[in-house]
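For reference, the structure is listed below as structure tokens.
The values are calculated or read from the model by the stated rules, or taken from the named source; none is laboratory data. Because the structure is predicted, anything quoted here is derived from the model rather than measured. With ideal geometry, Cβ positions are generated from the backbone for all residues, glycine too; neighbour counts draw on all protein chains shown.
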Amino acid sequence: MKRFSVIYLLREQYHHIACNTRSEAFDVLRKLQLDIKRTPVGVYDAKTELFEWEPTRQHTYNGANIQEQSKLADQIITIAQALRHRDADRVPSLNRPSFFA
């Protein structure tokens, strides 16, 4: 499985695009910022289990108190891991996203 996931919102649901490198992931993130249908959230690194917010969200995150930062980080990391797990378990011939994704 690819190491990085670019997390974005589409129709109020989270989705991800898997990438091999950090550079590739941030290129995808920049492209998503130009897409009016998708709202970029950030990049998840599965090896370190860390999340980097896109710049606007990073500013909001930095302004939050420690408890709120912890809550936000836990939520988005859980979402990223769930998306990756869902795609890892997906049967290749059934290439449809889960109803709960």
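Free of Cβ contacts under 8 Å to residues at least 12 places away in the same chain, charged (D, E, K, R) and exposed (fewer than 12 other Cβ atoms within 10 Å of the Cβ), is that true of ASP27?
Spelling it out, it is not the case that ASP27 is free of Cβ contacts under 8 Å to residues at least 12 places away in the same chain, charged (D, E, K, R) and exposed (fewer than 12 other Cβ atoms within 10 Å of the Cβ).
How many residues, within the range 1-24, are without any contact (Cβ under 8 Å) to a residue 12 or more places away in the chain and within 8 Å of the chain's Cα centre (by Cα)?
Adding up the residues that qualify gives 0.
Would a scan of the range 31-53 turn up a residue that is in contact with a strand residue (DSSP E or B) (Cβ under 6 Å, 6 or more places away or on another chain), under 19 Å from GLN81 (Cβ atoms), hydrophobic (A, V, I, L, M, F, W, C) and touching a residue at least 60 places away in the same chain (Cβ under 8 Å)?
No.
Name the residue, out of ALA88, ALA73, ALA82, ALA46, that is among the small types (Gly, Ala, Ser), out of contact with any Ser or Thr (no Cβ under 6 Å at 6 or more places or on another chain), at pLDDT 95 or above and farther than 16 Å from VAL6 by Cβ. Before the answer, list the steps.
Numbers: ALA88 fails: at pLDDT 95 or above; ALA82 fails: farther than 16 Å from VAL6 by Cβ; ALA46 fails: farther than 16 Å from VAL6 by Cβ.
So the residue among ALA88, ALA73, ALA82, ALA46 that is among the small types (Gly, Ala, Ser), out of contact with any Ser or Thr (no Cβ under 6 Å at 6 or more places or on another chain), at pLDDT 95 or above and farther than 16 Å from VAL6 by Cβ is ALA73.
Of all residues in the range 41-71, which are surrounded by fewer than 11 Cβ atoms within 10 Å (Cβ to Cβ) and among the acidic types (Asp, Glu)?
GLU49
Out of curiosity, is GLU54 out of contact with any Gly (no Cβ under 9 Å at 6 or more places or on another chain) and modelled with pLDDT of 95 or more? Steps first, please.
On the way: out of contact with any Gly (no Cβ under 9 Å at 6 or more places or on another chain): no; modelled with pLDDT of 95 or more: yes.
It is false that GLU54 is out of contact with any Gly (no Cβ under 9 Å at 6 or more places or on another chain) and modelled with pLDDT of 95 or more.
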